[in-house]
Every structure is written in C-alpha cells, then in structure tokens.
Amino acid sequence: MGQVKAGSSIDVAADPQRTLAAITDYTEVRPRILSEQYRDYKVVEGGQGDGTVAEWTLQATEKRVRNIRAQVSVADLVVTEKDANSTLVNTWTVIPSGSGSTVRLETTWQGAGGISGIFEGIFAPLGLRKIQGAVLANLKRELG
C-alpha cells in the first residue's frame, strides 16, 4: 500500500497570524481544541511553535490506537508535525481568506500492505476526517 491521506478544512474569522499563533500554541490552545479521541496529551519540549515536541495517544477506533511523539516545524503559514514513532505527518496550512483564514489539516502516513492495506486506505481516511473536523471546529470556536 502507498501513502494514505486524509484532509479537512474550515474557515475561521481570525486573520492568518492570529490563527497560526493559536495552532502553534501547544501549551494553552492545543489541549483545549483536541477532540475526545486524544488522550494523555503533554508538551515534552518547547510549547510555542517551531521546535516543540508534544506527545499524545490517538484512539482512532476501539482497536486502532497510535502513540504520537510529534516534532513540530513551522515555515511561513505551514505547521508540520512529524511523528517520531511512525510515518504519520500532520500538516496544518493557514490560507488568507478575506478578513479571516482557511485552515487545512492534512494527515498522511504509509499504509499497510495486502488486504488490510486496502481496507486501511478506504476506511481510515473517513474516520480521520471526522476527528479532524471536530478539532477544526474546536479551533474555530477557540478563535471566536
């Protein structure tokens, strides 16, 4: 199986810099916007933007649990969270949109091989989009 990808986006009323500041605030904002599928969230290093390292457990389904150790890099309006434990990468992109912003969250990883990989490629993105949608809705609420 090749790369598996899931993406979601939302429009927010905040300007790009304020939106980026919220996304890269791993100490205060991030714990408030995570959905119920996230557990044991903690900042290991940093806490604000580039160089931050954060850990959490993502309970995608009853049987699918992933322990994430995200290493954060920020370039312009793009935040990349690379998991040190797997091939998973979250990419947050802030796009100026009128007086507000559009936030796109995309998650990619190398899928399994064989039959299980086929099912993963079909069903995992569907479930992950629901999780992403909840996190993005929480971000929109956070930004007012």
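The values are calculated or read from the model by the stated rules, or taken from the named source; none is laboratory data. What you are looking at is a predicted structure, and each value in this text was computed from that prediction instead of being measured. Positions of Cβ are generated from backbone atoms using ideal geometry, with glycine treated the same way; all protein chains shown enter the neighbour counts. Remember, those area values only see protein heavy atoms, side chains included, never the ligands or the DNA or RNA. Shrake-Rupley method; radii C 1.70, N 1.55, O 1.52, S 1.80 Å.
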Report task. Could you work out the local net charge near P96, counting Lys and Arg as +1, Asp and Glu as -1, over the other residues with Cβ closer than 13 Å to its Cβ? Result -> -1
Report task. Report the net charge of residues surrounding A13, where surrounding means a beta-carbon distance below 14 angstrom and charges are Lys +1, Arg +1, Asp -1, Glu -1. Result -> 0
Query - Top positive-direction residue, dipole computed over the stretch 11-119 with Cβ charges, set V65, A84, G98 - result: V65
Report task. Calculate what fraction, in whole %, of the accessible area of the chain sits on carbon and sulfur atoms when a 1.4 Å probe is rolled over the protein chains. Result -> 51
Requested in this report: Starting from the Cα gyration tensor of the chain, take the square roots of the eigenvalues, sort them a ≥ b ≥ c, and report rounded, prolate or oblate (rounded when a/c is under 1.5, otherwise prolate if a/b is larger than b/c, else oblate).
Outcome: prolate
Query raised in the report: Taking the mean number of other Cβ atoms within 10 Å as a proxy for protection, how do you rank 88-97, 75-84 from highest to lowest?
Result: 88-97, 75-84
Report task. Using a 1.4 angstrom probe, figure out how much accessible area the chain has per residue, in square angstrom, rounded to the nearest whole. Result -> 52
Query - Cα-based helix-to-principal-axis angle, 114-143 vs the chain, degrees rounded to 10 - result: 20
Requested in this report: Beta carbons within 10 angstrom, averaged per residue: use that to sort the peptides 64-74, 14-24, highest first.
Outcome: 14-24, 64-74
